[in-house]
1. Given the residues Tyr101, Tyr107, which is the only one that is of a type outside the set (A, V, I, L, M), modelled with pLDDT under 95, within 18 Å of Phe19 (Cα to Cα) and touching a strand residue (DSSP E or B) at 6+ places or on another chain (Cβ under 6 Å)?
2. Exactly one of these conditions fails for Ile17: (1) over 15 Å from Glu67 (Cα atoms); (2) in contact (Cβ under 8 Å) with a residue 12 or more places away in the chain; (3) not in a strand (DSSP E or B). Give me its number.
3. Are there any pairs, at least 6 apart or on different chains, whose C-beta atoms fall under 6 Å, with the first in the range 60-74 and in contact (Cβ under 8 Å) with a residue 12 or more places away in the chain and the second of a type in the set (Phe, Trp, Tyr), and if so, which?
4. Can you pull out every residue in the range 1-18 that is surrounded by 14 or more Cβ atoms within 10 Å (Cβ to Cβ) and under 19 Å from Glu46 (Cβ atoms)?
5. Return the total of residues in the range 124-150 being surrounded by fewer than 15 Cβ atoms within 10 Å (Cβ to Cβ), touching a residue at least 40 places away in the same chain (Cβ under 8 Å) and either touching a helix residue (DSSP H, G or I) at 6+ places or on another chain (Cβ under 6 Å) or in a helix (DSSP H, G or I) (or both).
6. Might you check whether a residue that is out of contact with any Pro (no Cβ under 7 Å at 6 or more places or on another chain), charged (D, E, K, R) and crowded, with 16+ Cβ neighbours inside 10 Å occurs anywhere in the range 105-119?
7. Going residue by residue through the range 36-46, is there one that turns out to be of a type in the set (A, V, I, L, M, F, W, C) and at pLDDT 90 or above?
8. Count, please, the residues in the range 72-109 that happen to be in a helix (DSSP H, G or I) and under 18 Å from Ala146 (Cβ atoms).
Amino acid sequence: MKSNLLIIDNNPDFLDIIFEHLDSSLWEATLCEKTSEVEKFILSEEVDVLLMDIMMPEKNGIHTYLEYAESLSSVPVIFMSGYMEESKLHIIQQLGAFNAYEKPLDYDRLTQSLLRALELRKILQSRKLTIKNYLLNEHSLSLGEAFVEELLFEAL
């Protein structure tokens, strides 16, 4: 069974490039160009991993994440941006982002991160945990010190 990957970026060409790099045997990818389209997917479909651009014309990725934080509490979120400022990195670390990447993306690295995010998602689903509870209960770790991916794989 394929896992559901929701990818949000306002650049349709970039969405196509990401889609081309995905292993179609693993992922059922939903591509969104607008943050206004996100609600129907987050609330009505099972999203296993979310890959989201930070800089969007309507509402940035951080605000979108905060708006749906409760629904995304057990969904690993990977942010991406053409320009990753230190302040943005700090904010998304504090939110509990799985990871963040600056564009242009290293697709091999992103692929590995997506696979790790999916591994975490399966653990969370099987134990009925949020990311925050998993880190605290299983690893005595807290959000905000590093990206979730870094915390988890250092602790394992």
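The values are calculated or read from the model by the stated rules, or taken from the named source; none is laboratory data. Note that the coordinates shown come from a computational prediction; the quantities given were computed from them, not determined experimentally. Heads up, the Cβs are rebuilt from the backbone with ideal geometry, glycines too, and the neighbour counts pull from every protein chain shown.
1. Criteria check complete, one pass: Tyr101.
2. Status for Ile17: all satisfied but (2).
3. Here the result reads Gly61/Phe79, each pair linking the range 60-74 to a residue that is of a type in the set (Phe, Trp, Tyr).
4. Once the filter is applied, which keeps residues that are surrounded by 14 or more Cβ atoms within 10 Å (Cβ to Cβ) and under 19 Å from Glu46 (Cβ atoms), the range 1-18 yields Ser3, Asn4, Leu5, Leu6, Ile7, Ile8.
5. Of the residues in the range 124-150, 3 are surrounded by fewer than 15 Cβ atoms within 10 Å (Cβ to Cβ), touching a residue at least 40 places away in the same chain (Cβ under 8 Å) and either touching a helix residue (DSSP H, G or I) at 6+ places or on another chain (Cβ under 6 Å) or in a helix (DSSP H, G or I) (or both).
6. Of the range 105-119, the ones out of contact with any Pro (no Cβ under 7 Å at 6 or more places or on another chain) are 105-116, 118-119.
Within this subset, residues satisfying the condition of being charged (D, E, K, R) are 106, 108-109, 116, 119.
Checking the rest, the ones that are also crowded, with 16+ Cβ neighbours inside 10 Å come to 116.
Within the range 105-119 (the criterion being out of contact with any Pro (no Cβ under 7 Å at 6 or more places or on another chain), charged (D, E, K, R) and crowded, with 16+ Cβ neighbours inside 10 Å), the answer is yes, since at least one residue qualifies.
7. no
8. As a first pass, look at the range 72-109 and keep what is in a helix (DSSP H, G or I): 86-95, 107-109.
Next, from what is left, pick out any that are under 18 Å from Ala146 (Cβ atoms): 86-95, 109.
The qualifying residues number 11.
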